[in-house]
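I have placed the structure first, in the form of structure tokens, so that the comments after it can refer back to it.
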Amino acid sequence: MTVIDATGLVVGRLASTVAHRLLLGEEISIINAEKAIVSGLPETSLSKYQVMRSKGSKEKGPYYPKRADMILRRTIRGMLPYKKARGRAALAKLRVYMGVPTQFSDAEAETLEHAHKSRLSTIKMIELRKIAQQLGAKERGNIDG
């Protein structure tokens, strides 16, 4: 099982890499999902997530998550053929956590250098934690900072 630390990683680049590796049969756990970033103007990013969240109805959907870990999981799901057996099997091998669970506290976490925010040419970005707070997600006890 591969453990990836999402701290400072760009959501789209992280998601595409993870989706590819899941389709190859790898089991992946992502920790610190709330510390992943979305590049671009914070106001624009937030308004796009608010539009996705407000679509549909309670009865019919589409349902879009509020929590940071579920937003990241949904982003990865969008890059998989999740309606087919191969995509469902790949998605079942993914675990996304906010913070660091106790079973991964001593595990060696991998970071993806090609997805790190230091490679961005802009300083305009927002953390998934702040997007989740604006969407109405409740604070969790295991998030530090």
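Could you please find all residues in region 95-143 being at pLDDT 95 or above and among the hydroxyl-bearing types (Ser, Thr, Tyr)?
Across region 95-143, the qualifying residue is only TYR97.
Would you please name the residue that is farthest from THR122 (Cα to Cα), looking only at residues in region 1-41 that are in contact with a Lys or Arg (Cβ under 6 Å, 6 or more places away or on another chain) and of a type in the set (D, E, K, R)?
Ranking the candidates gives GLU27 first.
Being among the aliphatic types (A, V, I, L, M) and under 18 Å from the mean Cα position of the chain (by Cα) is the filter here; which residues of region 94-119 pass it?
Taking region 94-119 as the starting set, the residues that turn out to be among the aliphatic types (A, V, I, L, M) are 94, 96, 98, 100, 107, 109, 112, 115.
LEU94, VAL96, MET98, VAL100, ALA109, LEU112, ALA115, listed by residue number.
Return the residue satisfying two criteria in turn: it lies in region 42-94 and is over 30 Å from THR122 (Cβ atoms) and of a type in the set (Ser, Thr, Tyr), and of such residues it is surrounded by the most Cβ atoms within 10 Å (Cβ to Cβ).
If we take residues in region 42-94 being over 30 Å from THR122 (Cβ atoms) and of a type in the set (Ser, Thr, Tyr), then TYR82 is surrounded by the most Cβ atoms within 10 Å (Cβ to Cβ).
This table checks each residue for (1) surrounded by fewer than 24 Cβ atoms within 10 Å (Cβ to Cβ); (2) polar (S, T, N, Q).
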| position | (1), (2) |
| --- | --- |
| ILE4 | yes, no |
| LEU9 | no, no |
| ARG13 | yes, no |
| SER16 | yes, yes |
| HIS20 | yes, no |
| LEU23 | yes, no |
| ILE30 | no, no |
| LYS35 | yes, no |
| SER39 | yes, yes |
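The values are calculated or read from the model by the stated rules, or taken from the named source; none is laboratory data. A quick note: this is a predicted structure, and the numbers were derived from the prediction, not measured. Note: ideal-geometry Cβ built from the backbone for every residue, glycine included; neighbour counts use all protein chains shown.
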